[in-house]
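Derivation of every value follows stated rules applied to the coordinates shown; laboratory data play no part. Just so you know, these numbers come straight off a predicted model, no measurement behind them. Because the Cβ atoms are built from the backbone with ideal geometry, glycine has one as well, and the counts that use them run over all protein chains shown.
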Amino acid sequence: MDHQSLYNRLLQMQNDLNAATEKDPEQDVMGIALPVLDALISEARLFIANDPVIEKMYEVISVPQIELGDPVRALDALLVVGQLIEAIGHPPALRIPGRGIRG
């Protein structure tokens with residue numbers, strides 16, 4: 001996954017988690033959202049290898065940890081996704097010949 005795609009998907013996950021936590025701050029992340037969250041965290045780890053904060057987050061919020069019986073609150077996942085967005089940073093602007101800068 002390229003930087004722009006990961007960034008966009010993390011922003012979408014952040015929006016989805018914001019909506020969920022507005023309804024119920026104690027709501028757990030369940031179903032298909034769990035492997036999607038895990039995949040996004042895994043992809044982000046590739047972009048920001050050796051980041052101690054990200055590594056600690058992955059120890060707590062990952063499918064293997066969840067399978068041990070620990071539910072993930074949407075609010076906790078939202079905090080993690082926010083940290084991932086900050087850590088990978090906004091993708092660099094794209095210079096399109098004849099059209100200037102996009103992004």
Problem - Cα principal axis extents for the chain, largest first, Å - result: 54, 33, 20
Completion exercise
Spelling it out for V72: with amide H atoms placed in the peptide plane at 1.01 Å from N, the residues 5 or more places away or on another chain with amide H under 5 Å from its amide H are V29
Practice task
Give the peptides 14-26, 71-83 in descending order of average Cβ contacts within 10 Å, highest first.
Solution key: 71-83, 14-26
